[in-house]
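Accompanying notes for the structure given below.
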Amino acid sequence: MPSPPCFSLVSRCTVFPERKSDIKILKLSVSDIPMLSCQYIQKGVLLTSPPYSFDELVDFLKQSLSTTLSYFPPLAGRLTTDPDGHLHITCNNAGVDFLVVKSPNLEILNVLCPGDVPDSVKGFFTFDRTLSYSGHFKPLVAVQITKGCLKISKYPDFCRDTVFNSQAVLKFPPGGPTVTFAADEPLRERILHFSREAILKLKYRANYGCLLTKQTNSEVIGKICNDSWKSVNNEINGKVKNRTDEISSFQSLCAHLWRSVTRARKLDPTKTTTFRMAVNCRHRLDPKLKPYYFGNAIQSIPNYAQAGELLAKDLSWAADLLHKNVMAHNDDTVRRGVADWEMQPRLFPLGNADGASITMGSSPRFPMYDNDFGWGRPLAVRSGRANKFDGKISAFPGREGDGSVDLEVVLARDTMSAVENDPEFMQYVSEMV
C-alpha cells in the first residue's frame with residue numbers, strides 16, 4: 001500500500017500589494033460581523049502541472065498576487081476594533097501569506113479517488129481551525145494561486161453607504177469567540193455529482209409533482225431524457241403562471257437532499273427539521289446594492305418542517321416551501337433582518353445542535369472552474385476542514401459547466417451510509433467521488 005501523504009513546507013513568505021492602498025479603513029457590516037466565529041473559508045481548485053517549471057510558476061504567482069492585492073487592498077489588511085467596539089479592516093498593506101508545499105508521494109488519482117474525500121485534501125490548506133476573529137493578528141488571506149492579468153475587468157466597490165452599515169456593537173468575550181459546533185465529531189464527506197439531466201428531472205417533478213401519477217411520471221422522465229435541456233425548460237416556463245411561480249433547479253435539488261437526509265436520520269415524525277440556506281441580498285434591496293459591492297450581503301433563511309410531514313408529502317411540497325421562503329425575502333425582509341440584529345447583535349450559530357438541521361453553503365453560480373491560469377480548467381474543486389459538521393453541504397458548479405452541480409456532503413457516518421443506500425435519492429446521482 002502507498003505510504004500516507006507527507007506535506008513538507010518548502011517556503012513561506014508574505015506577499016505585499018504592488019501599490020499602497022488609498023483606502024484607510026473598511027467598516028465591517030451587519031452581514032460580515034456574525035461570521036467572525038466561523039473558521040477561515042478553505043476553498044481551492046486542483047490543476048494539472050503547468051507547462052513550465054515549478055520555480056517559474058511560484059514567481060509568476062507571487063507577482064500576479066501582488067498586482068491583484070493592489071485592486072483588493074482589504075485582503076492585505078488586518079482586523080481592528082476601535083474604542084467604541086466597531087470592527088474594521090485596516091488597509092495597512094500588511095500582506096498575505098504565500099506558502100509553497102510539496103507532497104512527493106501524492107498524485108491526482110489519490111485526491112480524486114472513488115469513495116470518501118481523502119484526509120490528504122485537508123493538507124492543501126493553511127489556517128486550519130482558525131476563527132475569522134483571528135484576523136486581528138493574522139493575515140486575512142493565505143493564497144497560493146491567482147490570475148495573472150494586467151488589468152481587471154470588474155473593479156470592486158468599497159462603498160459602505162448601505163443598509164448593512166450599522167452603529168450596533170457586538171461585544172466579544174476576552175480572547176474572542178469560540179467555534180459554535182463540535183469540530184472533532186466523526187464525519188464522512190463525499191462529492192455527489194448531479195448531471196443537468198438529473199437536475200431537470202427533479203425540477204420537472206418539483207413543478208408538476210402534484211399532477212403526476214406514477215405512469216405519467218415515468219413518461220415525463222423518458223421525455224426529459226429524449227428532449228433537450230432548453231426545450232423542457234421552455235415547457236416548464238410556459239405552464240407556470242409567471243417566472244416567480246417557477247421552482248428553480250437548485251431549490252428542487254435542495255428539497256431532494258433535505259428529504260433524503262431526514263429519512264436517513266430516522267427522526268421522530270414530530271421532530272422539527274431545518275434546512276438553512278443563504279440568500280443574496282444585493283438584488284433584493286430597493287435600491288439595489290452596486291453590482292461590485294465588496295463584502296458580504298447575505299442573510300440566512302431557515303426553512304422548517306416536521307420530519308413526518310416532510311417525508312409524507314412529495315418532492316414538490318418541500319421544494320415549494322423553499323421556493324416561497326426565498327421569493328418572500330424582499331427589501332422589507334432584508335431590512336427587518338438588519339433591524340432585528342441591531343436590537344440583539346449576535347454571531348451566526350453555525351452547526352447542527354439538534355441533530356435535525358442541514359446548512360447549505362456556497363453556490364453553483366460561483367464560477368469556480370473559470371480559474372484557468374493559462375494551461376487549462378481545474379480538474380476539481382475541493383475544500384479543507386473548516387466549518388464542517390453533520391449536515392453541512394456546499395454546492396459547486398459541475399466541471400461540465402452545463403447546469404450540472406456537485407454537492408460536497410458532510411454527514412454523520414450512519415447517516416451517510418443510509419443516504420448511499422436510499423434508492424429514491426441515488427437514482428438522481430450521476431456519480432459519487
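The values are calculated or read from the model by the stated rules, or taken from the named source; none is laboratory data. Because the structure is a prediction, the values reported are computed rather than measured. Quick reminder, even Gly has a Cβ in these numbers, built from the backbone with ideal geometry, and neighbours come from all protein chains shown. Heavy atoms of the whole protein, side chains included, go into the accessibility calculation; ligands, DNA and RNA do not. Shrake-Rupley method; radii C 1.70, N 1.55, O 1.52, S 1.80 Å.
If you take just the strands (runs of 3 or more DSSP E) that sit entirely in the range 70-188, which of them hold at least 1 residues that are farther than 28 Å from Leu289 by Cα and within 23 Å of the chain's Cα centre (by Cα)?
Qualifying strands (runs of 3 or more DSSP E): 96-102.
Given the criteria in contact with a strand residue (DSSP E or B) (Cβ under 9 Å, 6 or more places away or on another chain) and surrounded by 16 or more Cβ atoms within 10 Å (Cβ to Cβ), does Ser29 qualify?
Considered against the rule, which asks whether it is in contact with a strand residue (DSSP E or B) (Cβ under 9 Å, 6 or more places away or on another chain) and surrounded by 16 or more Cβ atoms within 10 Å (Cβ to Cβ), Ser29 comes out as no.
Can you tell which of Ser49, Ser11 is among the polar types (S, T, N, Q), under 16 Å from Val100 (Cα atoms), in a loop (DSSP other than H, G, I, E, B) and open to solvent by 40 Å² or more (accessible area, probe 1.4 Å)?
Selected residue: Ser49, the only one of Ser49, Ser11 that is among the polar types (S, T, N, Q), under 16 Å from Val100 (Cα atoms), in a loop (DSSP other than H, G, I, E, B) and open to solvent by 40 Å² or more (accessible area, probe 1.4 Å).
Is it the case that some residue within the range 54-65 is surrounded by 14 or more Cβ atoms within 10 Å (Cβ to Cβ), free of Cβ contacts under 8 Å to residues at least 40 places away in the same chain and either aliphatic (A, V, I, L, M) or not assigned by the TED database to the domain that holds Ala395 (or both)?
Yes.
Inspect all residues belonging to the range 344-365 and state whether any of them is among the aromatic types (Phe, Trp, Tyr), buried (at least 21 other Cβ atoms within 10 Å of the Cβ) and either assigned to a loop (DSSP other than H, G, I, E, B) or in contact with a His (Cβ under 9 Å, 6 or more places away or on another chain) (or both).
no
Quick check: is even one residue across the range 1-8 open to solvent by 90 Å² or more (accessible area, probe 1.4 Å), among the aliphatic types (A, V, I, L, M), more than 30 Å from Trp341 (Cα to Cα) and assigned to a loop (DSSP other than H, G, I, E, B)?
yes
Taking the range 107-133 only, how many residues are more than 28 Å from Met35 (Cβ to Cβ) and open to solvent by 30 Å² or more (accessible area, probe 1.4 Å)?
Summing the residues that are more than 28 Å from Met35 (Cβ to Cβ) and open to solvent by 30 Å² or more (accessible area, probe 1.4 Å) in the range 107-133 gives 7.
Pro291 passes all but one of (1) assigned to a loop (DSSP other than H, G, I, E, B); (2) within 20 Å of Asp422 (Cα to Cα); which number fails?
Going through the list (1) assigned to a loop (DSSP other than H, G, I, E, B); (2) within 20 Å of Asp422 (Cα to Cα), Pro291 breaks only (2).
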